[in-house]
Every structure is written in structure tokens, then in C-alpha cells.
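Worksheet: the structure to be examined is printed underneath.
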Amino acid sequence: MTIRHLASLRKPGTRSGFTLIEILLVIVIILLLAGALVVFVLPQQKGAEKNTTKLLLSQIASALDMYRLNIGHYPKEDEGGLEALLKKPTFENERLGEKWQGPYLKPGTTLEDPWANKLVYELVDSTLATDDNKSALPYKLYSIGPDGQPDTDDDIKYLSEKEPGMDSSSGSGTK
């Protein structure tokens, strides 16, 4: 059978193709699948961003501890703060400069959270610490979270394992 013969077998006046109802049905099915994807994937992405931030804070805390072991103190603001973990600061004392064994973070590590906010690192004055807070870290390390506003409920803070007030759901040392 040739193509002409097959074409002649069709009833005259009938057209091949999709009806409007069939096209609308396909569009509705695609929209339902896209809606399901949004409902199930977006919450997972938000959780992943928070977990990524917690891991980053934990890595930075480990790097801060290594810096302190080598230099004798945590990086100060005049040493560049967290930047001192990536680039050798200029020390007034040459002997301190010789002790710097960095970089303490892997190359390419950014000091920003997934929402493009800079991580916050602040040294805490240990003379102001109360008896209850003596075992706390001598610094604060946190992300201001997805809303970009400090001191809100969505801030992601690094808390040491021994720090009081840490909830049991954050076994990695973060909240």
C-alpha cells in the first residue's frame, strides 16, 4: 500500500489533529504536575538552605578554633574578622604572623549564607560574662537568615555543644 492509497482510505471531510478539549486536558494535567512540584520541592529547598547554613557555620567555627590554636586568640576586627581565616592578616607582631598556618577554610568558601547575606562574627567581652554563661563561646557566629533582618526568629546561630540553652534537635551544634 502506498501513502496515496492510505490517504484515500480516510473519510472525505475529516481532519486529523487534536480537539480543543484534548488540548485543554493536557494543559490541566501539566498545571497539576507543576503545582505538585511546587508544593513538594519548595519546602525541601528552604530546609536545604538552612542545613547548608548550619554546616557552613560549623566549618567556620572549626576554622576559628584552629586559628585560635595557632595564633593564641580568635581573629579580631582589626585582623579582618572572618577574613583572617582566608587571607593572612597583617600582624603588628611578626611572631604572630609566623604562626598563621592558613588558609583555615577551603578555597572558594564564601562567608555568606545562601541568601547572600554576610555571616556575622562578633567577639564577646569575656569580662561581662555571668557565672551561668562562663562556658559559652567567646564569640557569636550566626546568619541573619532568609529575611535579611538581624535578631529575628529565622536567624541561624552557631551554638557550641556545651553552651546552655541548646535545644536537643540541633545535634550539630547549631540552632
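The values are calculated or read from the model by the stated rules, or taken from the named source; none is laboratory data. All figures in this text were calculated on a predicted structure; none of them were measured in a lab. Here Cβ is always computed from backbone atoms with ideal geometry, including for glycine, and neighbour counts include all displayed protein chains.
Could you look through segment 124-175, keep only residues that are closer than 24 Å to Glu77 by Cβ and of a type in the set (Asp, Glu), and pick out the one that is modelled with the lowest pLDDT?
Glu163
Hey, could you check segment 32-64 for residues that are hydrophobic (A, V, I, L, M, F, W, C) and touching a residue at least 60 places away in the same chain (Cβ under 8 Å) and say which is surrounded by the fewest Cβ atoms within 10 Å (Cβ to Cβ)?
Leu55
Does any residue of segment 96-119 turn out to be at pLDDT below 80 and within 17 Å of Ile60 (Cβ to Cβ)?
yes
Listed residues Tyr67, Tyr104, Tyr74; which is surrounded by 17 or more Cβ atoms within 10 Å (Cβ to Cβ), touching a Gly at 6+ places or on another chain (Cβ under 9 Å) and either aliphatic (A, V, I, L, M) or at negative phi (or both)?
Being surrounded by 17 or more Cβ atoms within 10 Å (Cβ to Cβ), touching a Gly at 6+ places or on another chain (Cβ under 9 Å) and either aliphatic (A, V, I, L, M) or at negative phi (or both) holds for just one of Tyr67, Tyr104, Tyr74, which is Tyr67.
With respect to Arg10, is the statement that it is at pLDDT below 75 and surrounded by 10 or more Cβ atoms within 10 Å (Cβ to Cβ) true?
yes
Based on what the data block shows, is Tyr104 assigned to a helix (DSSP H, G or I), more than 23 Å from Asp155 (Cβ to Cβ) and among the hydroxyl-bearing types (Ser, Thr, Tyr)?
no
Using beta carbons and a limit of 6 Å, which pairs, at least six apart or on different chains, have the first residue in segment 92-115 and in contact (Cβ under 8 Å) with a residue 60 or more places away in the chain and more than 16 Å from Tyr74 (Cα to Cα) and the second one charged (D, E, K, R) and surrounded by 10 or more Cβ atoms within 10 Å (Cβ to Cβ)?
So the pair list comes out as Pro114/Glu49.
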